[in-house]
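Read through the structure below, which is laid out as structure tokens, and then see the notes.
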Amino acid sequence: MSHRSRSLAARHAPAPVFAALGDETRLLLVARLCDEGPRSISQLAAGSRLTRQAITKHLRVLERARIVHSVRAGRESRFALDPAPIEKAKSYLDLVSEQWDEALSRLKAFVEE
Amino acid sequence: MNDRIEKRIELKAPVSRVWRALTDYREFGEWFRVKLDGPFVPGQVSRGHITYPGYEHLKWEAVVQKMEPEQLFSFTWHPYAVDPNADYSQEPPTLVEFRLEQTTTGTLLLLTESGFDKIPEARRAEAFRRNDGGWTEQMKNIESHVAQKP
């Protein structure tokens, strides 16, 4: 463990984020919100094979993982992407990766001594 | 977003030596900094606790998957499942694989940790293609976009 260990207790796998992204349809929705900015369910349904109900269901999953949130725009709700959880998931992977680097260098010293 | 960790490291030691360091629970504990209760057995849970100063209260738990002598050692675990009050059993475990290959100077060790998400590799690559350099930038754009229109 490294100098970053102090923050370890606060960290664990952001599994809900990974799980929420582990679906092709939801990934497509994330990609669209990423490219197009906030969109309503109707806008997301237009030009898509998905029903409004299906889109709503997937957006709720993303909402629970805090990847998207709804914003009132006049009479309708729009869904906007929140990059923070995805970035957090990425920095978590970076941390795990860094821990492996340190463990493997200890292994190297251990077997080469 | 890359969802798997891959490392390769050249070790100036014979494969048999590296295999022992990986699979003898006492030797593993020395470099990994964990005190394990007993030997690794495929299919069984390995338990112990962290020996890193200040973190001795933390448990270590993994399920040994494969032990193919001098070739492959693997286990599943919940990486950094370090909050004693949290229940990690509902989270998908990750798979850690150590693969060994003999080289002219010693051993090539390939480490993979995978399963951080359940996105099939091909789809993930497609969906996150823009990530190669562009994703972070795009994230910043979205962030400022959201900040401007709260």
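The values are calculated or read from the model by the stated rules, or taken from the named source; none is laboratory data. Keep in mind it's a predicted model, so treat the numbers as computed, not measured. No Cβ is skipped: glycine too gets one built from the backbone with ideal geometry, and neighbour counts run over all protein chains shown.
Residue B:70 meets the conditions (1) at pLDDT below 95; (2) in a loop (DSSP other than H, G, I, E, B); (3) over 30 Å from residue A:31 (Cα atoms); (4) of a type in the set (Asp, Glu) in every case but one. The failed one is (1). Within the range B:55-66, the set of residues being surrounded by fewer than 17 Cβ atoms within 10 Å (Cβ to Cβ) and out of contact with any Lys or Arg (no Cβ under 9 Å at 6 or more places or on another chain) comprises B:57, B:63, B:65, B:66. Residue-level check: of (1) within 13 Å of chain A (Cβ to nearest Cβ); (2) closer than 18 Å to residue B:96 by Cα, residue B:40 misses just (1). Screening residue A:52 on (1) touching a helix residue (DSSP H, G or I) at 6+ places or on another chain (Cβ under 8 Å); (2) surrounded by 15 or more Cβ atoms within 10 Å (Cβ to Cβ) shows it passes everything except condition (2). For the range A:87-104: of the residues being charged (D, E, K, R) and more than 22 Å from the chain's Cα centre (by Cα), which is farthest from the other protein chains (Cβ to nearest Cβ)? Among those that are charged (D, E, K, R) and more than 22 Å from the chain's Cα centre (by Cα), it is A:102.
Looking only at residues in the range A:76-86 that are at pLDDT 85 or above and more than 7 Å from chain B (Cβ to nearest Cβ), which one is surrounded by the fewest Cβ atoms within 10 Å (Cβ to Cβ)? Per the stated criteria, the residue is A:76.
Out of (1) touching a Phe, Trp or Tyr at 6+ places or on another chain (Cβ under 7 Å); (2) more than 19 Å from residue B:114 (Cα to Cα), what's the single condition that is false for residue B:35? Residue B:35 satisfies every listed condition except (1).
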